[in-house]
Amino acid sequence: MLLSMEHANNPESGTVRPLRAAGAIDYGKILNPESQTFYSGIGAETPVLVILAAGKGTRFGRDPKCIQPVHGTPLARHSIDAFRRFSPSPVVCIVGYRCEEVSGKLGSDNIYVRSDDPAGGTAFAAFEAFCVPALMEKNPALIISMGDRIVPSSIFRRIWDVHRAGAKEADLTFLTAMYEPPKDRGKGRVIRDAADRVMKIVEERDLSGKDAVGAATCAPRCAPCDSTEGNCPLYVIRAATLMRHLRDLTNDNAQGQYYLTDIIESISREGGDVRTMTTTVTDPEYDLLCADVTRAMDLALLEGLLDSTGGALFPEESEVMEAARMIAADRPPGQVASIARQLGELTSIIEQKKLSFKPDRPVGIGLSGGRLRIAFMHPDMGRFFGPAWQMPIGAGHAGGEEQIVVLVQPANDRRIHLFPTNPQYQETMNFIPSDDEVMYPGEDILDMHAYEEFGTHMSENVLLSLGYFSDEELQERTRRNLPLPPPSLWVMNNMRRPFALVSNAIASMRTLHSGNLGARVQEHLGRDHFLGLRLASTGNIPQGGFSSSSAVTVAVKNAINALFDIGIPPDLLVHLACQAEYGTGVRAGSLDQATEQKGQAGQGTLISSNPKDNYQVLGTYPVPTDRFQVIFPYSVGRDREAWRWSWGMFAEAVTPGVPLTTGEMRKMTGKAAEIAAILMRLPLDTDFFKQIEADLLSDGRLSKTNRSWICEVLRRLPLLITQKDLRQQIHANRTWYIDQLVEVHRLNRRDAGQKADMTFSSLLSGWRDPLLRRTTASGDIVEEKGIPLRAIVAYLFGEVAKNFRLIHDPERWIDLVTKSQRGDRCVNIAYDTLPSREEMESELDWEEGAGGPERLNLWLERFGATPFDYNRGLDDESLSPDHPPEFHRLEGSNFFRGLALIDLAEAMLKRAFGDDAVAVRVNAAGQGDYFQLHIDVHKVNANDVKQFIRLAFYRRFDLSPTPDFVELNPGGGALGLRLNRYDCLPQLIGQLHLLLKSTPNPH
C-alpha cells in the first residue's frame, strides 16, 4: 500500500534531489501495524516521540548501536522509558539495520517503521516516520531524538514546556549545548543573528571559508569556528510543520545526506518562531546529553556516567530534581520557601491525622496563588470580554500562607476525602460520596451556560449532605415562624466552601468527552472508573477580591491533571476553572484563572478575557509605584454581612418582594452583556470589546466613530425592563440565535435549538426582578422594579474607557480611579459636608447609642446621602450618535457591586486628605470584603491614612478585621506536578531548600 508522494528508492550516488523525490511514505513499511492503537493512539493533544535508530554503528560489532546494553537495558530504550514517564504516549522508531532484532530488543510497545535507506540521513529517517498515517491526520507535536542518545524525563518535560510557553507554541524548539572542547568537534554549529535569533545550523564538515565569513557578518559571536554552541539533537515540532519543511530539503552537502538540521534554516527564513533550550557544563544532565557513543569504550563511559548521576536509571531522583526546579522557576525565593514549608506541613498533618496517603503510590501536587487586580473591575463578563490589568500574588516569606498547595492521591473507597489544614474550612465530615449521580455531567453539558445549572445543583446537593440549609428550608421555617439557623449554615452563603469548589473542579474536567484528551479524562474521572480521591490542602489567601476560591479550583485542577498525566493544556485548564466557578455562583470571565495559571511574578499585565484570544497578554505596563501606593482596608463580609451595610440595596435572603441578595445581583449583572448581545443580535463570532480594542490599545482614547457605535448599542437596550418582558424579547431572537449557532459553531439545527434553550434558561436563572432606588435629575427618589440593562452595559464601556486612560495618563491616577468607582456607587455623599478629620477620629455626641449598621444609616441620613442615579446621562438624547459623550467621563451607569459603607469610607477619606490625594475602588467582585485605597504619596503619608482608617472607620463601626490591611507580594503562576511515590515528598522539600541556598535571602 503506497500512501505517498513521488519517490525513488536507492537514489544514485551523487545525485542531488529533493527529499520528496527520494523518500517513500508507505504504510507497508510499518512492521507492527497493531501498535498504532497503543497508549490510546496518536492524538493532537499529546506529543509523540520519534526515535531515529536505523543506523548500524560500524564500531560495535554485529549488534546495532541503538541496542547496545547500558546497565542491562538497550541504549535507545532508556530514552523511550524516560519519555513515557514524561508522557505515556506513542513512540515511533525508525529502524533499518537488523530491524527485526532492534524492534525485538526495544520492546513491543512502540511503532516500528523500516527505513529504505539507513544511511540516508536524519531528515530521510524523519520523513519515513510519516508512514504512520496518524501523524498527518492528527498533527501531533513530535519530539525527535536519536537512537544513540539517552534523554532524561526532565529534559523531555523542559523542552516541551519551552516549546509551549507563551500565548502560542513555537514552530520549532531544539536542544543546544555549550560544548567544552573537544566535545564540540564534529558538531553542527548554531548560527545566530545580531538579535540572537537562530538562523541555521551548519555541520562542521560542511563549513567553508565563505560560510564562516558570511556567518561572522551577522554578529561577531556567530562565527561557526569560534562558537561552542552546537546542536544537541533533540527537536520539538508539529507533524504538519515538519512535513512542509522536509519535502523540499536536498542532499546537497559533503555527505550527500538529508540533514534534519536544515529545517531550522527553512523555518527561520519564513520568519517562524525557532526556540532553543541550552544545556551547559553546570547542568546535571550535561554530560549525559553530550555523551557521544561512537566507540565501544564510550559505552563503558556512559555506564559510569549513569552510575554517578542516577540519570535515567533512577527516575525518582531526577523526578524530584525536576519537580523542585519547576516549583522554583520564575518564583520569588520567599514564595519558594513558603511552598517548601507548606509541603512539610501537609506531610505532617497527613501523618498526624492518619489520612491514609499511600507512601508507594503517586501523588499530584497543585499550586496556585491568588491575583491582584490593579484596574478594570468587572469587564470580563461574557460577550463583553474586556481585559484587566493584574498580576499573580503569593507568599513573600517562608512563614507566609498566601498560596494554595494541594496534595492529591487516588482512593479506592468511592469517597472524596478533603482535609484543609485551616480549621475555618473544615466540615463536620471530611468526605463525601464520589459516586453520586449529580457529580457526573452528561454529554449535553457542552458550555458554561449548561454547566452553570448542573454545577449549582451539584454544589447545593454537596452542601446539603454536609448539613447546610437550602433556600427552600429557610423559607419554610420562616413561613412556620420557626427559628432560622445561623447564616453560616445557609447554602446560599457557602457555595464556595472547599467541598463545593473541589467537586466543581472535578466535574468540570468531566465535561471533556471527545478525542484522546476526553478519553483520558473519562478513563480516570469517568463514572465507570473513578473510585475516589484523597486531598489535603493548605494556604490562606485573603478573602475578598484576591481570587482565593479561584486559587483552590486552579490548584486542584492542576494537581489532578498532573496526578493522572491527563495532559490538559494551560488554556483549557483556564477555561475549565472558569466553568467550575459558574457552579459555585460566580458569573464572570476567565481573567482571574488566566492570571493565576499563566501569570508571571512581578509583571502587571493587561490580559484578555476572551477565550477566542486564548487569554493573550495585550500589553505590559509599568505601575507608578513611586507615586501611588495601593492599600487594602476591610469593610464587611460580602455574602453574610453586606446586606446590613447596604442602606437597603441588598436583602439577606431570597424572598419575594424584597431587593436581590448580593449573590443574585452578581448573577444578574454577570449575565447582562450576554443578554444585550442577544437583544441587539451581535454575531457570535465577535464581542463588544473586540469592536473597540484596537482603538483603546493604541492611545487609550475612543474615536468618535467608536463612541457613536457605543451610543447606538446602548440606545437599543432598555433603561428598565422586567424579567418577564426580557424573557419575551430574548425568545423573540431564538431563530436568529439558532442560525448563529449553526453558522458559527457548526451545530446541526436540533443541537442548536437545544443549546439556545439552555442558554436562554441559564441567562434568566438565579435572580429575580431587582428593586432599586435612584435619585432623578429633578431630585426625586424613586424605586424601580426591573433590570436597568442599559446602565449595566454602559458601565462596561465606561470602565474600559476610564482605565485605558489610566494606563496612558498615570498623572491623572487619582481622578480616574475616582471616576471608575462611580460605576459601583450606591449613594452620593457630599464629602465637604462631613466633619473635619480630627472630629471624625473621635466619637461624636450625636452618634452615641448607635452602633454597627445603625450608625452607618445615621451618618448617611445626617449628611444628606441620596441613592446614586445610575441612569444619569443615559437617555436617548444624551447618547446621540451625532454628538457622542466621552465615555471616560460618564456620569451614570452602574454595575451594582458597591456598598453604602464603602461609599461613606470614600467620602470620609476625601474629606480628611483631599479629593486629589486619595481614591477608593471596590476590589474585583466588590459588595464588601477588602477594598482598594489608592494614595498619592507625594501628597499624603500612607501611614497617616492607615491610622485614620483605624480610628475613624474601623473603631467607629465596630470593625475588627484580621489583618487590618492586606499586604500583597508577587508570586509565580499555577503549577501541577506528579511524583511517582508519595514518600519522595521529603526529598522534594530538601531539594527546594538546596535551591534556596543558591538564591538571595528568602526571609
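Values of log10 I(q)/I(0) for the range 329-441 across q = 0.12 Å⁻¹ run -0.64, by the Debye formula with one identical scatterer at each alpha carbon and no solvent. Per-residue Karplus couplings for the range 762-777, computed as 6.51 cos²θ - 1.76 cosθ + 1.60 with θ equal to phi - 60°, are listed in order as 5, 5, 9, 9, x, 8, 10, 4, x, 10, 10, 10, 8, 9, 6, 4 Hz, Gly and Pro entered as x. Computed with a 1.4 Å probe over protein heavy atoms only, the accessible surface of the chain comes to 38 Å² per residue.
Under Stokes-Einstein, with the Kirkwood radius over Cα pairs as Rh, the value for the chain at 20 °C and 1.002 mPa s is 69 µm²/s. Mind putting together the pair-distance distribution for the range 868-936? All Cα pairs, 10 Å bins, whole percent per bin, short to long. So the P(r) values, bin by bin, are 17, 38, 31, 14, 0. Between amide H atoms placed 1.01 Å from N, distances below 5 Å from Val151 occur with Ser79, all of them 5 or more places distant or on a separate chain. Using just its DSSP H runs of length 4 or more, each adding -39500 (n - 2.57), the chain gives a mean residue ellipticity at 222 nm of -11000 deg cm²/dmol after division by all residues. With distances taken between every two different alpha-carbon atoms, the range 276-402 has a Kirkwood hydrodynamic radius of 19.1 Å.
Rounded to the nearest 20 debye, the dipole magnitude of the range 500-651 is 240 debye, with +1 charges on Lys and Arg beta carbons, -1 on Asp and Glu beta carbons, and the Cα centre as origin. Taking a sphere under 14 Å around the Cβ of Gly396 and counting the other residues whose Cβ falls inside, with K and R at +1 and D and E at -1, yields a net charge of -1. Pop the C-beta distance of Trp846 and Asp780 into the FRET formula with R0 = 35 Å and round what comes out to the nearest 0.05. Efficiency, rounded to the nearest 0.05: 0.80. The 1.4 Å probe gives accessible areas that order Lys819, Lys354, largest first, as Lys354, Lys819. Take Asn32, project a point 7 Å from its Cα along the Cβ direction, then tell me which residues of the range 120-136 have their backbone nitrogen under 19 Å from it. Of the residues in the range 120-136, 129-135 have backbone N under 19 Å from the label point off Asn32.
Think of the range 568-670 as a dipole: +1 on every Lys or Arg Cβ, -1 on every Asp or Glu Cβ, centred on the Cα centre; then among Ala577, Pro624, Ala642, Ala642 lies furthest on the positive end. The dipole here belongs to the range 557-638: it is taken about the Cα centre, uses +1 on the Cβ of Lys and Arg and -1 on the Cβ of Asp and Glu, and is about 200 debye.
In the assembled protein chains, Phe546 presents an accessible area of approximately 0 Å² (probe radius 1.4 Å).
Using a 1.4 Å probe on the protein chains only, how many percent of the accessible area of the range 353-486 belongs to carbon and sulfur?
52 percent
Nearest 5 percent is fine: what portion of the DSSP beta bridges confined to the chain is antiparallel? Beta bridges within the chain, antiparallel portion: roughly 70 percent. Measure nothing but the geometry: give the 0 to 90° angle between the long axis through the Cα atoms of 296-309 and the longest principal axis through the Cα atoms of the chain, rounded to 10°. Its long axis makes an angle of about 30 degrees.
For the pair Leu720 and Tyr954 in one chain, pulling the backbone fully straight at 0.36 nm per residue adds 80.5 nm over the alpha carbon distance. With all protein chains in place and ligands, DNA and RNA left out, the 1.4 Å accessible area ranks Lys671, Lys612 as Lys612, Lys671, largest first. The accessible surface of the range 840-989, taken with every protein chain in place and a 1.4 Å probe, is 42 percent carbon and sulfur. Backbone phi angles across the range 114-119, fed through the Karplus curve with coefficients 6.51, -1.76 and 1.60 (θ = phi - 60°), yield HN-Hα couplings of 7, 7, 6, 9, x, 9 Hz in residue order; Gly and Pro are listed as x.
Whenever you get a sec, compute what percent of the accessible area on the range 608-745 sits on carbon and sulfur atoms (1.4 Å probe).
48 percent
Think of each Lys and Arg Cβ as +1 and each Asp and Glu Cβ as -1; about the Cα centre, that makes the dipole of the chain roughly 620 debye.
Lys724 contributes about 140 Å² of solvent-accessible surface, heavy atoms of the protein only, 1.4 Å probe. Specify the angular offset, from 0 to 90 degrees and rounded to the nearest 10, of the alpha carbon long axis of helix 333-352 from the longest principal axis of the alpha carbons in the chain. So the inclination is approximately 90 degrees.
Taking all protein chains together and a 1.4 Å probe, the residues Arg247, Arg414 rank Arg414, Arg247 from largest to smallest accessible area.
Per 0.36 nm of contour for each residue apart, how much would the distance between Arg325 and Lys353 grow if the chain were fully extended, relative to their Cα-Cα spacing?
Working: separation 28, 0.36 × 28 = 10.08 nm, distance 2.98 nm.
Residue separation times 0.36 nm, minus the Cα-Cα distance, leaves 7.1 nm.
5 Å is the cut-off here: which amide hydrogens, built 1.01 Å from N in the peptide plane, fall below it relative to Gly973, excluding neighbours closer than 5 in sequence? Sorted by chain and number, the residues that satisfy this are Ala601. May I ask for the distance between the Cα centers of the range 257-278 and the range 701-754, given as a whole number of Å? The range 257-278 and the range 701-754 have Cα centres spaced 47 Å from each other.
Eigen-decomposition of the gyration tensor built on the alpha-carbon atoms of the range 737-834 gives equivalent ellipsoid semi-axes of 38, 23, 9 angstrom, largest listed first.
Scalar couplings 3J(HN,Hα) for the range 483-495, obtained by applying the Karplus form with A = 6.51, B = -1.76, C = 1.60 to θ = phi - 60°, are x, 8, x, x, x, 5, 10, 8, 4, 4, 8, 9, 5 Hz; x denotes Gly and Pro.
With the convex hull of its Cα atoms as the shape, the range 116-210 has an orientation-averaged projected area of 9.1 nm². Pairs exceeding a 25 Å alpha-carbon distance, out of Lys612/Lys704; Lys671/Lys704; Lys802/Lys910; Lys724/Lys755; Lys138/Lys671; Lys168/Lys557: Lys612/Lys704; Lys671/Lys704; Lys138/Lys671.
Taking the Cα centre of the range 313-442 as the origin and placing charges on Cβ (Lys, Arg +1; Asp, Glu -1), which of Phe419, Pro362, Gly400 is farthest toward the positive end of the dipole? Result: Gly400, furthest along the dipole toward the positive end.
Computed with every protein chain present, the accessible area of His457 is close to 90 Å² [probe 1.4 Å].
Separation of the range 952-993 and the range 627-672 by C-alpha centroid, Å? The distance from the Cα centre of the range 952-993 to that of the range 627-672 comes to 27 Å.
Put a dot 7 Å past the Cα of Asp248, heading toward its Cβ, do the same for Ala694, and the two dots end up 3.0 nm apart. Database remark: amide H of Lys200 closer than 5 angstrom to the amide H of Ile191 (H placed geometrically; neighbours at sequence offset of 5 or more, or on other chains; Pro and chain starts carry no H). Note that the range 535-606 carries a Kirkwood radius of 12.9 Å, evaluated over its alpha carbons pair by pair.
Using the C-alpha atoms of the range 373-491, what convex hull volume per residue, in cubic angstrom, is computed? List each step's numbers first, then the result.
On the way: hull volume 25.2 nm³, N = 119.
Per-residue hull volume (Cα only) is 212 Å³.
The convex hull built on the alpha-carbon positions of the range 922-992 has an orientation-averaged projected area of 8.9 nm². FRET efficiency for the Leu464 to Arg734 pair, using the beta carbon distance and R₀ = 41 Å, is estimated at 0.75.
The values are calculated or read from the model by the stated rules, or taken from the named source; none is laboratory data. This is a predicted model, so every value here is computed, not measured. A quick note on method: Cβ atoms are made from the backbone with ideal geometry, for glycine too, and the neighbour counts reach across all protein chains shown. The protein model used for the area step is the full one, side chains on, heavy atoms only, and it has no ligands, DNA or RNA in it. Shrake-Rupley method; radii C 1.70, N 1.55, O 1.52, S 1.80 Å.
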